[in-house]
Amino acid sequence: MSVAEAGGVFRRARGRTLDAFPAEKEREWRGPFYFIQGADPQFGLMKAWSTGNCDSGGDEWEQEVRLAEQAVQAINKLNPKPRFFVLCGDLIHAMPGIRAVFSGHYHRNAGGTYQNLDMVVSSAIGCQLGKDTHGLRVVVVTAEKIVHRYYSLDELSEKGIEDDLMDLMKKK
């Protein structure tokens with residue numbers, strides 16, 4: 001499966017299973033495979049680094065976007081295709097106006113604020129290490145604010161996104 005096809009894979013997922021990787025095929029060793037790991041696209045760092053001002057800047061992402069596109073194109077040309085692609089590390093360097101940072105890996109919901117920057121940790125889709133349910137965080141960004149809410153998978157699939165969040169997206 002190519003990286004470009006990944007979006008289609010998730011659209012084909014039914015219920016809580018993913019048709020692209022049938023569970024019965026993944027339970028037993030089927031032979032060697034490979035995956036691609038990319039790290040630190042860190043959008044904004046290249047200009048900041050070149051100007052010697054890594055504490056600010058980060059407002060131009062052109063070089064990093066071009067390199068990320070080149071990486072996806074290179075992966076899509078591989079034969080055989082990798083089993084999957086994982087991107088980790090710093091996704092962005094900095095950008096004026098950042099009000100919140102969203103992350104995971106803690107397997108429970110958490111967060112805090114430091115110098116007007118919100119740190120929001122979303123619980124896992126998979127294994128829960130706290131009292132939260134398996135879920136996803138919906139994040140709505142407007143010109144004035146960032147509003148986020150964690151939904152259990154059942155709640156999101158049964159009820160969808162709540163009206164107050166949907167109303168925020170209708171405003172121009």
Check your understanding: Which members of the stretch 22-70 meet the condition of being at pLDDT below 80, open to solvent by less than 100 Å² (accessible area, probe 1.4 Å) and farther than 14 Å from I92 by Cβ?
Key -> P22, A23, E26, G31, N53
Check your understanding: Any idea how many residues of the stretch 101-133 are open to solvent by less than 80 Å² (accessible area, probe 1.4 Å) and in a loop (DSSP other than H, G, I, E, B)?
Key -> 12
Review point. From the list I146, I92, I98, which residue is open to solvent by 70 Å² or more (accessible area, probe 1.4 Å), within 24 Å of Q42 (Cα to Cα) and out of contact with any His (no Cβ under 9 Å at 6 or more places or on another chain)?
Key: I92
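I'm trying to understand the selection: among the residues of the stretch 146-172, which are in contact (Cβ under 8 Å) with a residue 24 or more places away in the chain and among the charged types (D, E, K, R)?
Quick first cut of the stretch 146-172, residues in contact (Cβ under 8 Å) with a residue 24 or more places away in the chain only: 146, 148, 150, 153, 165, 168-169, 171.
K171 - this is the single residue of the stretch 146-172 that is in contact (Cβ under 8 Å) with a residue 24 or more places away in the chain and among the charged types (D, E, K, R).
Where residues in the stretch 71-89 are in a loop (DSSP other than H, G, I, E, B) and not charged (D, E, K, R), which of them is surrounded by the fewest Cβ atoms within 10 Å (Cβ to Cβ)? Break it down into steps so the answer makes sense when it comes.
In the first step, residues of the stretch 71-89 are kept if they are in a loop (DSSP other than H, G, I, E, B); the result is 78-84, 89.
From the residues that got through so far, the ones that are not charged (D, E, K, R) too are 78-80, 82, 84, 89.
Details: L78: 12, N79: 5, P80: 7, P82: 16, F84: 16, G89: 10.
Among them, the one singled out is N79.
The values are calculated or read from the model by the stated rules, or taken from the named source; none is laboratory data. For clarity, every value in this text was computed on a predicted model and none was experimentally measured. As a convention, Cβ positions derive from the backbone with ideal geometry for all residues, glycine included, and neighbour counts pool all protein chains shown. Areas reflect the complete protein model, heavy atoms only, side chains present, ligands, DNA and RNA absent. Shrake-Rupley method; radii C 1.70, N 1.55, O 1.52, S 1.80 Å.
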